[in-house]
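To keep things clear, I will list the structure first and then write my remarks on it.
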Amino acid sequence: MPVAASAIYFLNLRGDVLINRLYRDDVGGNMVDAFRMHIMQTKELGTCPVRQIGGCSFFYMRISNVYIVIVVSSNANVACAFKFVVEAVALFKSYFGGAFDEDAIRNNFVLIYELLDEIMDFGYPQNLSPEILKLYITQEGVRSPFSSKPSDKPVPNATLQVTGAVGWRREGLVYKKNEVFLDIVESVNLLMSSKGSVLRCDVTGKILMKCFLSGMPDLKLGLNDKIGLEKESQMKSRPNKSGKTIELDDVTFHQCVNLTRFNSEKTVSFVPPDGEFELMKYRITEGVNLPFRVLPTIKELGRTHMEVNVKVKSVFGAKMFALGVVIKIPVPKQTAKTSFQVTSGRAKYNASIDCIVWKIRKFPGQTEPTMSAEVELISTITERKAWTRPPIQMEFQVPMFTASGLRVRFLKVWEKSGYNTVEWVRYITKAGSYEIRCRSDETENENEIGSRDETDNENEIGGKDETDN
């Protein structure tokens with residue numbers, strides 16, 4: 001259900017009304033007094049952004065020194081209301097030169113009233129795209145003297161842009177060289193036990209595009225996702241021979257994607273916006289290729305001495321390499337002195353985070369560098385508290401590698417003029433929350449009840465697919 005807002009108010013920190021607009025007659029003009037008395041004066045602004053007073057609901061958000069309050073008298077979509085507020089503030093900032101505060105509202109109240117009439121009709125949100133609204137609301141706002149952002153020039157064909165099906169792209173774009181850049185960026189999240197069992201593993205990814213294409217092109221993107229390949233093989237009446245397939249979860253698309261065609265044909269078809277945008281986001285929980293395996297061992301030799309041994313194995317292809325690899329191995333707070341031996345990179349003790357930081361600038365695939373450290377602890381008379389052993393954390397970036405196995409099978413561009421295009425595809429895998437619990441001789445039998453049964457299937461993650469690369 002959409003917002004169906006009855007009124008919208010812009011208040012300063014004292015509760016004075018700067019601007020308001022009533023869209024429906026089901027609420028009175030004194031609703032702002034109820035908000036001021038029951039919410040602002042009771043100092044409950046920070047407790048919850050949604051409050052009910054009488055038969056009305058108040059959705060409010062503070063931006064700089066201004067409160068934006070939406071009043072509804074019936075059931076409404078709260079997430080849609082706050083999304084509207086965020087998009088409206090971005091629209092105002094584009095007109096005001098990047099500033100949105102009480103002074104900017106007072107200096108541009110005529111323009112704000114004109115915009116409020118366009119972006120909401122009878123309480124329902126309408127088009128909030130700055131690029132489209134600037135085509136026919138050409139009035140420039142009073143800009144802050146500290147803003148150096150140049151004003152955007154209006155573009156012709158405003159009527160076509162407002163009423164046409166493609167509102168995110170204007171006509172008449174011309175480029176000498178028609179290029180498309182596509183980046184698949186993935187973040188690997190891992191939690192591994194001290195015995196090497198995968199307790200949690202998933203990949204969150206996004207496809208970023210940068211289009212410099214003339215005219216009004218139509219693009220079609222093909223991936224090696226399981227559902228799309230099965231649908232394609234059914235339509236062509238022949239078996240699928242595309243190799244490994246993956247299952248995408250929680251997929252969200254940019255508004256330019258034709259959802260009707262995706263639901264029927266499982267193909268990503270779209271007319272792209274000009275420039276850079278995020279085409280889609282996804283998540284994968286099965287068949288993850290772990291780029292690194294970490295084997296840590298910590299031995300406590302008495303009360304004042306420890307030995308730390310860490311082996312890191314890169315399981316991606318030998319022709320690939322990782323950049324900016326950082327391994328953070330935690331040590332006790334009582335650490336007094338450390339000495340290291342590394343086969344690759346550099347290591348040092350960082351007392352501010354109580355970790356040994358091992359950095360490898362360039363990490364080739366199919367290699368196993370090791371780090372050995374001797375840690376001396378401060379001797380104390382009192383009994384020392386047991387060390388909680390925080391997990392080892394990793395940071396890395398692996399170009400031309402995807403932990404999910406996602407691949408671009410094709411990227412087709414159609415345009416009525418028939419020009420040639422150049423497509424560039426790049427893959428990048430980064431570390432999200434990549435953690436490995438530490439092993440110790442004293443904690444070989446640590447409490448992991450159920451972890452073995454719960455992770456029998458998860459152990460196949462990466463183990464089966466490690467040899468794919």
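Annotations
- Per-residue extension of 0.36 nm, minus the Cα-Cα distance of Thr370 and Tyr175, leaves a gain of 65.1 nm for this segment.
- Largest first and in whole Å, the equivalent-ellipsoid semi-axes of the stretch 270-323 read 43, 15, 13, each the square root of five times a Cα gyration tensor eigenvalue.
- Legend: Rg and Dmax of the stretch 187-228, from Cα coordinates, 18.2, 57 Å.
- For the stretch 345-381, the residues whose backbone nitrogen is under 20 Å from a point 7 Å from the Cα of Ala318, taken along Cα to Cβ, are 362-370.
- Accessible area of the stretch 329-431 belonging to carbon and sulfur atoms, whole % at 1.4 Å probe: 50 percent
- The charge dipole of the stretch 32-126, taken about the Cα centre with unit charges on the Cβ atoms of Lys, Arg (+1) and Asp, Glu (-1), comes to about 380 debye, rounded to the nearest 20.
- Taking every C-alpha pair closer than 8 Å and separated by at least 6 residues, the mean separation divided by the residue count of the stretch 245-289 gives a relative contact order of 53 percent.
- Largest to smallest accessible area among Asp218, Asp103 [probe 1.4 Å]: Asp103, Asp218
- Spin-label model distance (nm) - Arg106 vs Thr42, 7 Å beyond Cα toward Cβ: 3.0 nm
- For the stretch 1-95, the relative contact order is 34 percent, taking Cα pairs closer than 8 Å that sit 6 or more residues apart in sequence and dividing their mean separation by the residue count.
- For the pair Lys281 and Arg409, the difference between a 0.36 nm per residue extended length and the Cα-Cα distance amounts to 44.3 nm.
- Among the listed pairs Lys319/Lys412; Lys266/Lys328; Lys220/Lys359; Lys210/Lys430, those beyond 32 Å (Cα-Cα): Lys266/Lys328; Lys220/Lys359
- FRET efficiency for Thr138 and Arg261, using Cβ-Cβ distance with R0 set to 60 Å, rounded to 0.05: 0.95
- Summed over the residues of the stretch 292-406 and divided among them, the accessible surface reaches 53 Å² per residue at a probe radius of 1.4 Å.
The values are calculated or read from the model by the stated rules, or taken from the named source; none is laboratory data. In this text, all values refer to a predicted model and were calculated from it rather than measured experimentally. Note that we place each Cβ from the backbone using ideal geometry, even for glycine, and neighbour counts take in every protein chain shown. Just the protein is used for accessible areas: all its heavy atoms, side chains included, with ligands, DNA and RNA removed. Shrake-Rupley method; radii C 1.70, N 1.55, O 1.52, S 1.80 Å.
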